[in-house]
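A quick write-up on the structure given underneath.
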Amino acid sequence: MCGILAVFGVADNSQKKRSRIIELSSRLRHRGPDWSGLHHHKDCYLAHQRLAIVDPASGDQPLYNEDKTIVVAVNGEIYNHKELREKLKSHEFRTGSDCEVIAHLYEDYGEDFVNMLDGMFSFVLLDTRDNSFIAARDAIGITPLYYGWGLDGSTWFASEMKAISDDCERFMTFPPGHVYSSKTGGVQRWYNPPWWNPASPIPSGPYDPLVLRKAFEKAVIKRLMTDVPFGVLLSGGLDSSLVASVASRYLADSTAAQWGSQLHTFCVGLKGSPDLGAAREVADYLGTRHHEFHFTVQEGIDALEEVIYHIETYDVTTIRASTPMFLMSRKIKSLGVKMVLSGEGSDEIFGGYLYFHKAPNKEELHHETCRKIKALHLYDCLRANKSTSAWGVEARVPFLDKEFINVAMGIDPEWKMIRPDLGRIEKWVLRNAFDDEQSPYLPKHILYRQKEQFSDGVGYRWIDGLKDHADQQVTDSMLDKASFVYPENTPTTKEAYLYRTIFERFFPKNSARSTVPGGPSVACSTAKAVEWDAAWSKNLDPSGRAALGVHASAYDGNGKAAAQ
């Protein structure tokens with residue numbers, strides 16, 4: 001994962017401006033500590049902070065076409081770059097970087113090539129022949145991107161808000177699955193799968209467990225493309241365990257095998273937390289080299305300000321889950337690991353959150369999964385990317401592979417409905433696809449373990465400790481006046497109020513607070529799904545334990561943790 005900053009149409013081209021661009025770009029150096037690059041052409045600047053994963057020796061950015069008239073700065077990975085190179089045989093490649101194909105694709109196909117890319121990416125491309133430029137973001141928004149405008153008429157793009165928030169009068173999140181063209185002055189959607197359109201018919205495709213399994217295996221295998229040491233984030237839940245299982249099966253046949261035949265796995269939690277024991281069991285079963293990290297509630301609280309600065313949100317559930325991931329990523333980087341596979345996206349695709357137990361019918365379930373996938377860039381993708389990138393670690397997410405999503409979202413959602421009468425718990429279609437008696441992927445009880453949200457699974461005491469800390473920092477009077485202090489996305493709990501005050505210290509502009517979504521939620525639901533159960537409106541909390549009557553350790557009706 002890298003950091004990009006690009007500015008077009010600046011009024012000042014002095015050395016002072018160049019120094020300012022360098023200074024702003026350095027705010028992203030945590031994302032790319034391996035090398036810094038800057039290209040300046042007329043009133044345009046493209047800056048890059050590189051984390052070297054593929055072709056560390058020669059893949060420094062910005063990248064160019066043969067005569068350097070096309071300049072591109074990329075954050076991400078293009079998994080099908082070898083196939084694309086076969087279509088570009090008339091071109092001369094200068095590096096082994098997977099991202100260099102972007103410059104040459106633009107030469108051959110103009111601005112209409114983005115849908116040819118298979119990967120996670122945000123990029124900015126400058127055509128010096130006419131000073132036009134484009135910017136694009138991957139289908140789901142796995143990699144972050146922001147864009148904004150300066151008072152001098154300049155247009156800015158950056159991997160993180162902190163690089164443009166001071167110099168832009170207005171800025172916002174760049175929408176996933178879109179491309180910006182300076183020729184039109186706006187964004188246009190390039191990613192248009194059938195499920196994206198709410199007016200599309202409900203999917204009616206058959207459920208074939210082997211097709212689903214093969215699609216996921218393919219997604220994991222392509223993400224083993226690396227020239228540096230890597231591992232898997234293993235919580236012991238279904239999703240991360242399947243990632244680890246498939247990666248360990250196919251490691252020997254991948255380029256990643258150069259770093260050894262034994263897969264490394266990593267887990268974090270409070271001592272005695274649910275995740276630690278489950279992860280250790282999965283690691284032993286798969287034969288991985290497992291690394292278990294512990295943190296205390298106080299260590300997590302002490303890191304809150306740094307976490308919020310890096311992840312750039314005040315969303316409660318994102319901060320709860322980002323903090324242990326942030327602490328774990330620092331430990332991972334200390335071991336020399338620069339890339340990890342992670343399990344984000346499965347719950348959104350398959351209706352895996354516990355509140356899906358209350359989905360009234362398949363139509364509602366399907367529409368909710370669509371809403372959840374569309375919002376991933378504001379929640380789990382943001383967390384997974386920025387928590388790891390804070391320490392120069394890249395997170396790859398196989399469940400958000402475009403081809404896999406197409407397969408999974410084409411299945412009749414009746415198969416995703418939670419049906420206790422038929423023995424189907426949440427994500428049954430995925431569990432069943434990997435329930436292989438002849439060649440087991442996981443132990444049965446792990447394969448059918450109840451869903452734990454990451455912020456819960458690291459230890460229930462973590463969330464309870466955060467709430468206690470917020471109670472000590474935020475008075476009743478402060479919360480009562482919250483609507484006057486924060487009229488937009490007004491915090492409704494002391495925990496939310498605390499996070500908001502920290503966020504506002506780092507990012508005080510209206511544009512910054514508008515990048516964070518709001519609205520009621522229970523157990524990570526959208527606001528619409530809160531309507532599924534009347535009791536939920538009285539117990540709005542993003543923890544999985546807020547799914548009253550579903551979670552084995554659910555809160556009581558007053559939002560208190562059940563006895564354990």
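The values are calculated or read from the model by the stated rules, or taken from the named source; none is laboratory data. Just so it is clear, the model here is predicted, and its values are computed rather than measured. Methodologically, a virtual Cβ is constructed for each residue, glycine included, from the backbone with ideal geometry; neighbour enumeration extends over all protein chains shown. Heavy atoms of the whole protein, side chains included, go into the accessibility calculation; ligands, DNA and RNA do not. Shrake-Rupley method; radii C 1.70, N 1.55, O 1.52, S 1.80 Å.
Can you tally the net charge around Gly110? Count Lys and Arg as +1, Asp and Glu as -1, for every other residue whose Cβ sits under 14 Å from the Cβ of Gly110.
Values: positive: Arg129, Lys183; negative: Glu107, Asp108, Glu111, Asp112, Asp127, Asp130.
Taking every Cβ under 14 Å from that of Gly110, the sum is -4.
Per DSSP H run of n ≥ 4, the term is -39500 (n - 2.57); total these for the chain, divide by its residue number, and report the mean residue ellipticity at 222 nm rounded to 500 deg cm²/dmol.
Values: 21 runs with 190 residues, N = 564.
Computed mean residue ellipticity for the chain: -9500 deg cm²/dmol.
Reducing the stretch 214-288 and the stretch 405-477 to their Cα centroids gives an inter-centroid distance of 18 Å. Rounded, prolate or oblate, given the Cα gyration tensor of the stretch 212-272, with a/c below 1.5 counting as rounded? Taking the square roots of the gyration eigenvalues as a ≥ b ≥ c, the stretch 212-272 is oblate.
Computed extension length for Asn131-Asp464: 114.5 nm, one decimal, from 0.36 nm per residue of separation with the Cα-Cα distance subtracted.
If we sort 330-337, 280-287, 235-242 on the protection proxy, mean other Cβ atoms within 10 Å, highest first, what's the order? Numbers along the way, then the final one.
Numbers: 330-337: 15.8, 280-287: 17.9, 235-242: 26.5.
Sorting 330-337, 280-287, 235-242 by mean packing, highest first, produces 235-242, 280-287, 330-337.
Altogether, the Stokes-Einstein calculation at 10 °C and 1.306 mPa s, with the Kirkwood radius of the stretch 84-228 over Cα pairs as Rh, returns a diffusion coefficient of 89 µm²/s.
In debye, nearest 20: dipole of the stretch 1-111 around its Cα centre with unit charges on the Cβ of K, R (+) and D, E (-)?
Details: 15 positive and 17 negative charges, 120 e Å.
Taking the Cα centre of the stretch 1-111 as origin, the dipole is about 580 debye.
Spin-label model, Gln262 to Glu403: label points 7 Å out along the Cα-to-beta-carbon direction sit 3.2 nm apart.
Accessible area ranking (1.4 Å probe, heavy atoms, ligands and nucleic acids excluded), largest first, for Ser26, Ser159: Ser26, Ser159. Taking Cβ atoms as reference points and 12 Å as the exclusive limit, the residues near Ala163 contribute a net charge of 0, counting Lys and Arg as +1 and Asp and Glu as -1. The calculated pair-distance distribution of the stretch 6-111 uses every alpha carbon pair, bins of 5 angstrom beginning at 0, and gives 2, 12, 22, 22, 18, 14, 7, 3, 1 percent.
Given R₀ = 60 Å, what would the calculated FRET efficiency be for Glu305 paired with Gln188, taking r from the Cβ atoms and rounding to 0.05? So the FRET efficiency works out to roughly 0.95.
Applying Stokes-Einstein at 25 °C and 0.890 mPa s to the Kirkwood radius of the stretch 172-323, computed over alpha-carbon pairs, gives a translational diffusion coefficient of 128 µm² s⁻¹.
Given their separation in residues at 0.36 nm each and the Cα-Cα distance between them, Lys87 and Arg424 gain 116.8 nm when the chain is fully extended.
One chain, two ends: Met172 and Glu531. Fully extended at 0.36 nm per residue, the span grows by 126.3 nm beyond their Cα-Cα distance. In the chain, the DSSP beta bridges split such that about 75 percent are antiparallel, to the nearest 5.
Which order do Val307, Val211 take by accessible area at a 1.4 Å probe, largest first? Please report the intermediate quantities before stating the final value.
Working: Val307 0, Val211 75 Å².
Largest to smallest exposure gives the sequence Val211, Val307.
For the pair Tyr448 and Gln472, label points projected 7 Å from Cα toward Cβ lie 4.3 nm apart. Cβ-Cβ distance of Asp108 and His40, R₀ of 30 Å, FRET efficiency by 1/(1 + (r/R0)^6): the value works out to about 0.70.
Would you mind computing the Rg to Rh ratio of the stretch 75-137 from its alpha-carbon coordinates, Kirkwood style for Rh? Intermediate results must be reported in sequence, preceding the final value.
Numbers: Rg = 11.1 Å, Rh = 12.0 Å.
Rg/Rh for the stretch 75-137 comes to 0.93.
Dividing the Cα radius of gyration by the Kirkwood radius, what Rg/Rh value follows for the stretch 381-440? Reported Rg/Rh (Cα atoms, Kirkwood Rh): 1.12. R0 = 35 Å: FRET efficiency of Asn197 with Glu414, Cβ-based, nearest 0.05? Plugging the Cβ-Cβ distance into 1/(1 + (r/R0)^6) gives 0.95.
Mind running the shape call on the stretch 141-190? Use the C-alpha gyration tensor, a ≥ b ≥ c as the square roots of the eigenvalues: rounded below 1.5 for a/c, prolate if a/b tops b/c, oblate otherwise. Here the stretch 141-190 falls in the oblate category.
Within the P(r) computed for the chain, what percentage of the Cα pairs occupies the region above 46 Å? Everything past 46 Å amounts to 10 percent.
Note on Lys528: lysines with a C-alpha under 22 Å away, same-chain residues under 8 apart excluded, are Lys358, Lys362, Lys372, Lys374, Lys416, Lys427, Lys451, Lys538.
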